[in-house]
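These notes concern the structure reproduced below.
The values are calculated or read from the model by the stated rules, or taken from the named source; none is laboratory data. What you see is a predicted model; the values in this text were computed from it and never measured. Here Cβ is always computed from backbone atoms with ideal geometry, including for glycine, and neighbour counts include all displayed protein chains. Surface areas here come from the heavy atoms of the whole protein model, side chains and all, with no ligands, DNA or RNA. Shrake-Rupley method; radii C 1.70, N 1.55, O 1.52, S 1.80 Å.
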Amino acid sequence: MAAKHVIDPITRIEGHLRIEIEVDETNNVVEEAASSSTAFRGFENIMRGRDPKDVGMFAQRICGVCTFHHYERGVEATEDAFGVTLPPNARMLRNLIWAAQAINDHTTHFYQLHAMDWFDVVSALDADPVAATEIAHQFHRTPYNASESHYTQVAERLLAFVQSGQLGPFAGGYWGHPKYRLSPEENLIIASHYLDNLAVQRMSAKASAIFGGKNPHPQSLIVGGMTSARDALDAHRIAEYQFLIQKSADFVERAYLPDLELIARRYRTEALAGEGGGLRNYMSFGAMSLDERPWAQRAHFLPAGLVLDRDLSTVHDVDPMKIAEEVAHAWYDYEGGETALHPLDGQTNPNYEGLNEDGTLKTEGGYSWIKSPRYDGQPVEVGPLARLIVAYAAGDEKVQTAMDGFTDTIGVPFDFWYSTVGRTVARGLETKIIADYVPELVTNLTQNVANGDDRFFNRYEPKDGPGWAMGEAPRGSLSHWLTVENGSVANYQAVVPSTWNASPKDGREQRGAYEAALVTQPMSDPERPLEVVRTIHSFDPCLACAVHVLNRDGEEIARFEVEV
Amino acid sequence: MTTAHRHAGPDPTHDLEARTQEHYEWLAAEADKNLDRLEAQDPVHDVTLDDVLKRRGLSRRDFLKMSAVMTATLGLPPMFDLRVARAQEVATRLPVIWQELQSCSGNSMALIRNANPGTDELLLDLISLEYAEILMAPSGQAAEDVLADAIERYDGQYIAVFEGSVPVAEDGGYLTIGPTGETGVHKVEHISKHAAAVIAAGTCSAYGGIPAARPNPTTAMGVADFLGQRGIGTPVVNLPACPVSSTNVVGTILEYAMFGRLPSLDAYGRPLWAYQDRIHDKCERRGHFDAGEFVEGWTDIEGLKAGLCLFKVGCKGPMAYNNCGVVRYNEGASWPIMAGHGCIGCSEPGFWDTLTPFEVPLAGRVYATPFGTDADADTIGTVALGAAAAGVAIHAGATAVKAATESRSDAKKEQ
């Protein structure tokens, strides 16, 4: 006999997400899971008829968290339609913003949105600050803000919350849950970094704003280039950027990675049991372009590719033609009874079917405002873990060193990665890999400028036709597709990370990544679904972007067969 | 563009320039009365500012410095420094419920990147954040319980902050939240009815924003308009911009703590202290506008390097009202105009439709402004500039007309 549990709202995410699970009452194992986005805005209709040069500014508002990435992809889609490439300085500047944004996203996600799934703040109150200091030193030679006086201050601060009843964001958490595995001292260490990161995350956001104008919703990208040339040519501004990233990287090195090692050690049983592993396919569109060639030939800092069925011996090329979105269980209809459409042929016709009388999802039919994107008919996972697995399989040395180094330290096999814990650690390793690369990014820009190149914009003639852009946002593969007709946007579609991961079942009843990761999850107390929330958060859900875009198009598809 | 606006207090002077010493003394007395009243109330939480400062390792002097900056931002004279400090102290007694609607969370993200006070002080110490999905530990029913509990405990006392627009089409089905599938529409009604005041944070919440842009597929609307339609009389202050400036959120909460009412608002429901000046009036590139020196197009790298005026590449600063040029973003690191991109007018109602295309100058385009009249760019420029020093105004007005008429053909030639 299975009991249904509804978890809505899923908090500590961007957007509105509902998870429904059916739990076998005899053994408390999740038998069925449904992932539903419960908000719709209708960007598709809003984009139509606009100036293609404005697309990035509109697209950016799809999400205030992956803010820069939708902006970049929207601008790139128009650049593709117009046939304009970037001058190197502009690409380098975009990469600098990309790196700062990714470091900001990952650290904010782990500490502010995810860490409370791993550490118990109430237990931290029982910690001995001296013992906590010793433990912190076991995980790093010079741990971040680790001293008896600091931990005493943090503990007193937390105690003051509890005693005053001023629990703030901690009120109502699953404190004391049996699946919290850390000791009071270990809880105190992460609680301390939770507070530290509230201040630290401001720095990487500020770094991105130096060349972006602001964060969230930067404003310096234009079709054909960048407007922040003055900042980019100013040694003082570049130094400021570098300093802020350095401070963030220091926190990553001395707080974030040690905390992940601690979590990996304490939660290794769950990891090795494969809890939260989910799908076996991993996809990346390539992170940070390193040249101006068409996407399929372009070099990326983290490569594009596809790993199927966890087979690391082969990395498949990603073929943009093989992406399609299904609406069998989404609150949309396709004209003519189609079941799957390529993004350039996509339609967005909302068809809300409502909820059951008891407020639960009608899972027989539509149950989400997210469509189900599939690659060659198959569901795939996207995000930091997918990027690292693709890079690992592709022989990327920096990624292999980082991943093997981590599993060697913990003493676990590669299968460790195929889990909620693995996904969480992968994000941290990636943060360090990106932060380590920033000095080179900065040097590339300053050298190019020193060589006399001060171009930040390439001229173009607006053109009609299709345009598309594929790349990686921190939380996964992001593509934007548009068609320009008579100088304005005829249709637009964004296929975003959270639709790949959070999608409802497709026409063949195949689950998306969230649903697959939840099924077979054992739970200790279904009324307090800590394990579910932990796994969902490990994907870094970002639901507003799951709100879709487009109507229809037809014949220009051949164009990008040429480019691929 | 109808936005319900409410002037919550008897403050008769909307023109801050015209405020007299006498007026400020009256205002100070009002603040003292309100602060005394709040201090006499049972605290929501038994925590004092001194505790907070001690825990954060801040000195009283640091704190007063922070208060002085906020006083200036609020457009108040230095005699209010201590009152702003007191307001921060009693703000710990103001419960805040932050609810997301048709949002992108950009405003939450902006808030957690606030500095002075930093996020940790702000959220954990200085305001009493009872409910905020982006940061709270519990999910599902446990989160719903936290919300219900806060509404009941602080009935009529809390500040409701909304982020995102209200979708009213499809019986509210375009947004549901919580285990019973309650609609966003119902959430706004319920939370607002029991609130002391409502803050609409960001342009979506203030005026519908991007979901309400043509053709507005979900019939999205701003919170004030929605409450007006439903006959809910809780006072609303609009804090538009995309995202809202965190300084403006914090300042509004402090002003509410100080005076016990919402600040004086403009015709679009925005606090005058933050939105009375045009971007153009406080722009760091204004000197170049007055001198007729413009970035002539995106190939004009010399113009960009020299930081010339961005009017000809589409800057909507002359049409937009906000304090961005003064407070900037991300701890003052930058703002769009500093980064070489024109203002897109994101704190103006309907800007997605009325101020686009963004890269085209606004010459000759009709736009409704807080002046209450429809006017084109040239008229606005002339009228608004006329209020400034006469000599500059004439020159600048003439430049604006000249620039506005020339810019379209130039822009066409450019690309």
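Observations
- Remark: mean inter-chain Cβ contacts per residue of B:163-176 equal 4, using a 10 Å Cβ-Cβ cutoff to other protein chain atoms.
- GluC sites (Glu not before Pro) lying in DSSP loop within the range A:475-524, provided at most 12 other Cβ fall within 10 Å: A:Glu509
- Surface accessible to a 1.4 Å probe, per residue, for the residues of the protein assembly as shown, Å²: 31
- Per atom type, the protein assembly as shown shows carbon and sulfur on 49% of its accessible surface, probed at 1.4 Å.
- Taking chain A and dividing mean pair separation by its residue count, relative contact order in percent (alpha carbons under 8 Å, at least six apart): 26
- The number of Lys pairs in chain A with C-alpha atoms less than 24 Å apart, excluding pairs fewer than 8 positions apart on the same chain, is 19.
- For the range A:174-222, accessible area lost to neighbouring protein chains reaches 30 Å² or more, against the chain alone with a 1.4 Å probe, at A:Tyr174, A:Leu198, A:Gln201, A:Arg202, A:Lys206, A:Gly213, A:Lys214, A:Asn215, A:Pro216, A:His217, A:Gln219, A:Ile222.
- Charge tally in the Cβ shell below 11 Å around B:Cys204, where Lys, Arg are +1 and Asp, Glu are -1, B:Cys204 excluded: 0
- Counting, for every residue in B:210-220, the Cβ atoms of other protein chains within 10 Å of its Cβ and taking the mean gives 6.
- Value of relative contact order over the range A:130-286, rounded to a whole percent, pairs C-alpha under 8 Å and six or more apart: 25
- When accessible surface is computed with a 1.4 Å probe, chains A and B are found to bury approximately 7800 Å² between them, both chains counted.
- Calculated [222 nm] ellipticity per residue, helices only, for chain A: -12500 deg cm²/dmol; basis is -39500 (n - 2.57) per DSSP H run with n ≥ 4, divided by all residues, nearest 500.
- Computed from point charges on the beta carbon alone (+1 for Lys and Arg, -1 for Asp and Glu), the dipole magnitude for the range A:171-258 about its Cα centre is near 240 Debye.
- Extreme residue, positive dipole direction of the protein assembly as shown, given options B:Ala320, B:Pro240, A:Ser419 (C-beta unit charges): B:Ala320
- With both residues required to sit in the protein assembly as shown, DSSP beta bridges show an antiparallel share near 75%.
- Model label points for A:Ala450 and A:Val519, set 7 angstrom from Cα along the Cα-to-Cβ axis, are 5.7 nm apart.
- Cα-centre dipole for the protein assembly as shown with unit charges at Cβ (Lys and Arg positive, Asp and Glu negative), debye to 20: 2040
- Interface residues of the range A:14-28, defined as those losing at least 10 Å² of solvent-accessible heavy-atom surface relative to the isolated chain (probe radius 1.4 Å), are listed as A:Glu14, A:Gly15, A:His16, A:Arg18.
- Peptide packing: for B:213-219, A:206-212, A:313-319, A:187-193, the average count of neighbouring Cβ atoms within 10 Å per residue gives the ranking A:206-212, A:187-193, B:213-219, A:313-319, highest mean first.
- In order along the range A:180-194, the Karplus-derived 3J(HN,Hα) couplings, from 6.51 cos²θ - 1.76 cosθ + 1.60 at θ = phi - 60°, round to 7, 10, 8, 6, x, 5, 5, 4, 5, 4, 6, 4, 4, 6, 4 Hz, and Gly and Pro are given as x.
- Interchain or long-range residues, amide H under 5 Å from B:Ala197's placed H: B:Ala160
- Between the range A:379-425 and the range A:461-481, the alpha-carbon center distance in angstrom: 27
- Considering only A:Ala490, B:Ala115, B:Leu135, and ranking their Cα positions along the charge dipole of the protein assembly as shown that arises from unit charges at the beta-carbon of Lys, Arg, Asp and Glu, the one farthest toward the positive end is B:Ala115.
- Across the options A:Phe211, A:His150, A:Tyr241, the greatest Cα extent toward the positive end of the charge dipole of the range A:115-258 (unit charges at beta carbon of Lys, Arg, Asp, Glu) belongs to A:Phe211.
- Rounded to whole numbers, the Karplus 3J(HN,Hα) couplings from phi for the range A:206-212 are 5, 4, 5, 6, 4, 9, x Hz, using 6.51 cos²θ - 1.76 cosθ + 1.60 with θ = phi - 60°, and x at Gly and Pro.
- The phi-based Karplus calculation (6.51 cos²θ - 1.76 cosθ + 1.60; θ = phi - 60°) puts the 3J(HN,Hα) values of the range A:64-80 at x, 9, 8, 3, 5, 5, 5, 4, 4, 5, x, 5, 5, 4, 5, 4, 5 Hz, whole numbers, x for Gly and Pro.
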